[in-house]
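FYI, it's all coordinate maths here, none of it is from the lab. Given the structure is predicted, the values throughout are model-derived calculations rather than measurements. Cβ atoms come from the backbone with ideal geometry, glycine included; neighbour counts cover every protein chain shown.
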Amino acid sequence: MENVIKIVLAILLFLCLLDMPYGFYQLVRFVALIGFGILAYNSSEKENKTEMFIYGGLALLFQPFFKIALGREIWNIVDVIVGIGLIASMIMNKTKSQR
């Protein structure tokens, strides 16, 4: 389930690089808040405090209620970094589970 959430979030964040209507970005913020919230909760259940704080911070960064105005260019950089980070975390978790 975690991998599905990470893939969906990564795809949505990469789609934010395109010129989309404003409503799409609002949808991404809501989905990211929920997705990162679930990932933070799952990390806390696994007692992985580092991941819990990272996902909790990302949930706060992307939350739609009190918007953080970073400008389009910086948001694009954040979207790419977070998207790549989500994919990298899936790969790292897969290699850990194979050991």
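The figures follow:
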read-out	value
Selected residue [small (Gly, Ala, Ser) and surrounded by 17 or more Cβ atoms within 10 Å (Cβ to Cβ)] from ALA59, ALA69	ALA59
Residues (on the phi < 0 side of the Ramachandran plot and either surrounded by fewer than 14 Cβ atoms within 10 Å (Cβ to Cβ) or free of Cβ contacts under 8 Å to residues at least 12 places away in the same chain (or both)) located in the stretch 39-53	TYR41, SER44, GLU45, LYS46, ASN48, LYS49, THR50, PHE53
Residues of the stretch 52-74 satisfying the condition of being among the β-branched types (Val, Ile, Thr) and more than 18 Å from GLY23 (Cα to Cα)	ILE54, ILE74
Residue in the stretch 58-81 that is without any contact (Cβ under 8 Å) to a residue 12 or more places away in the chain, in contact with a Cys (Cβ under 7 Å, 6 or more places away or on another chain) and of a type outside the set (D, E, K, R) present	no
Options PHE36, PHE14, PHE30; residue that is surrounded by 13 or more Cβ atoms within 10 Å (Cβ to Cβ) and in contact (Cβ under 8 Å) with a residue 60 or more places away in the chain	PHE14
